[in-house]
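Accompanying notes for the structure given below.
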Amino acid sequence: MLDTPDGRRAEADKLIAYHAEISGAMTAERTALESRLIPVSAYILVSAAEAWYRWPDMMQAIDKAMPAEEIGAAGRRPGVRVNAVHLWSVANIYLTGRKLLTTFGLVEDEVDRTWTVLDFWQRAAAAYRADGTLQAWDAGFQAHPYGDDVVESLLSQATATDEQACSAIKKLNATLVAYLFLMYFDTRVGVADSGPYPLDNGRTLLVRDYYQLGQSDFAWSHVAAGVPYRNLTAALVLDGVDVRVNDWGTSLTEPEDYLDHLVAFGLYTTDGPGGALRRVGADEWDAVLTAVRKAQAEHYRQVAAMSRRQKIDAGAYVYFSFLRPFAEVAGVADDLDWTVPRDTVGPLYDALEPFTGEGATIEGDVPYYTPLAPNA
């Protein structure tokens, strides 16, 4: 069936409707995107338009180098950015670009273009989750990419916490989250949770990955040259906390002050050979915090000095490069062009540049993403 145009159209429309329902609901509940420092809405639209023009071809190149199923499975290890939020993004950023460009009549809807993206996403997502579902939404807000071997490794060197330890862990977490939020241009994707992993005695393991703390493909990350770790993974053992994890890698907990219920904690890095977990002891935390705070202050100054267009270009790169981890796993990231903006340069970019998102609403009687056009 998928070998025929009608078959691909039917399956693409099915996946469009699937994402429309879920992403429409998630987006309606999302807090405001705009900040005083960074034009988030404008850069999302630029990245989405770039994704529509370029991701289908890039995904075909990635899929040829390594099948999407193998890439998704590779994400089932800490420190690998093929994760729930990147999977959500490679489908929904493209679909946002499709909605933008077709609504204003700038492009013709194309079955094969959309099918290429959603088929790649579906195969990678199924292999990443490996439980018969495609997203945490389908599984009651549960995300369990890490198998028993990983969970055992994370728990093996986690230590019991007291009031003093909890205070230090809260400070460490808050600093890393704030730092990565700015490093990713007001985007939460630098921190991703998975779980809940049920333990004995009613306790729960929540796993938190902190990605790209040091220098990376981000052009502005030179400020992080002194940060001693690229990736960190935290094991948080909670007692008496109901944990749900959504497809943005964000935890929803009851009670909200979940770190007050932390009974054991372990911090690890995957920076070494083979990506094996190695414990980062509490005696190293102060050095990490000092380096991160220095990098954050320097990064804030360079962002504040940027023009609006420079900020849009940087933020658009962050969103457009959500596809990059898939290319990295496949070994072809350096063979692809990650320049942003590229295909939106000109009148389209000029039209998107002033967008702020103020007053934007979601129409309840219109699908968040519409089916493929009849003549596509």
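The values are calculated or read from the model by the stated rules, or taken from the named source; none is laboratory data. Predicted model, so just to flag it, every value in this text is computed and none were measured. Backbone-built Cβ (ideal geometry, glycine too); neighbour counts: all protein chains shown.
Of the residues Leu180, Leu205, Leu154, only one is under 12 Å from Ala264 (Cα atoms) and in a helix (DSSP H, G or I); which?
The unique qualifying residue is Leu154.
Please enumerate the residues belonging to the range 208-244 that are within 22 Å of Asp271 (Cα to Cα) and basic (Lys, Arg).
Hits for the range 208-244 are Arg208, Arg230.
Given the conditions (1) buried (at least 22 other Cβ atoms within 10 Å of the Cβ); (2) out of contact with any strand residue (DSSP E or B) (no Cβ under 8 Å at 6 or more places or on another chain); (3) not basic (Lys, Arg), which single one is not true for Pro273?
(1)
Yes/no matrix, rows are residues, columns are (1) surrounded by fewer than 21 Cβ atoms within 10 Å (Cβ to Cβ); (2) hydroxyl-bearing (Ser, Thr, Tyr); (3) in the same structural domain as Leu134 (by TED's automatic domain parsing):
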site	(1), (2), (3)
Ala12	no, no, yes
Glu21	yes, no, yes
Ala28	yes, no, yes
Arg36	yes, no, yes
Tyr43	no, yes, yes
Lys64	yes, no, yes
Ser89	no, yes, yes
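Conditions: (1) in the same structural domain as Asp271 (by TED's automatic domain parsing); (2) assigned to a loop (DSSP other than H, G, I, E, B). Gly132 meets all but one. Number of the miss?
Answer for Gly132: the failing condition is (1).
Applying the selection to the range 1-27, what residues are in a helix (DSSP H, G or I) and of a type in the set (D, E, K, R)?
Asp6, Arg8, Arg9, Glu11, Asp13, Lys14, Glu21
How many residues are in contact with a His (Cβ under 9 Å, 6 or more places away or on another chain) and touching a residue at least 60 places away in the same chain (Cβ under 8 Å) if we restrict to the range 190-210?
2
Taking only pairs six or more apart or across chains, which ones have beta-carbon atoms under 9 Å, a first residue in the range 355-376 that is surrounded by 10 or more Cβ atoms within 10 Å (Cβ to Cβ), and a second residue that is modelled with pLDDT under 70 and part of a loop (DSSP other than H, G, I, E, B)?
Note: pairs meeting the criteria are Thr356/Glu34; Gly357/Ala32; Gly357/Leu33; Gly357/Glu34; Tyr368/Ile362.
Under 6 Å by Cβ, and 6 or more places apart or on different chains, what pairs join a residue from the range 111-126 that is touching a residue at least 12 places away in the same chain (Cβ under 8 Å) with one that is polar (S, T, N, Q) and crowded, with 24+ Cβ neighbours inside 10 Å?
From residues that are touching a residue at least 12 places away in the same chain (Cβ under 8 Å), there are no pairs.
So, in the range 158-189, of the ones that are of a type in the set (D, E, K, R) and touching a residue at least 12 places away in the same chain (Cβ under 8 Å), which residue ends up surrounded by the fewest Cβ atoms within 10 Å (Cβ to Cβ)?
Lys171
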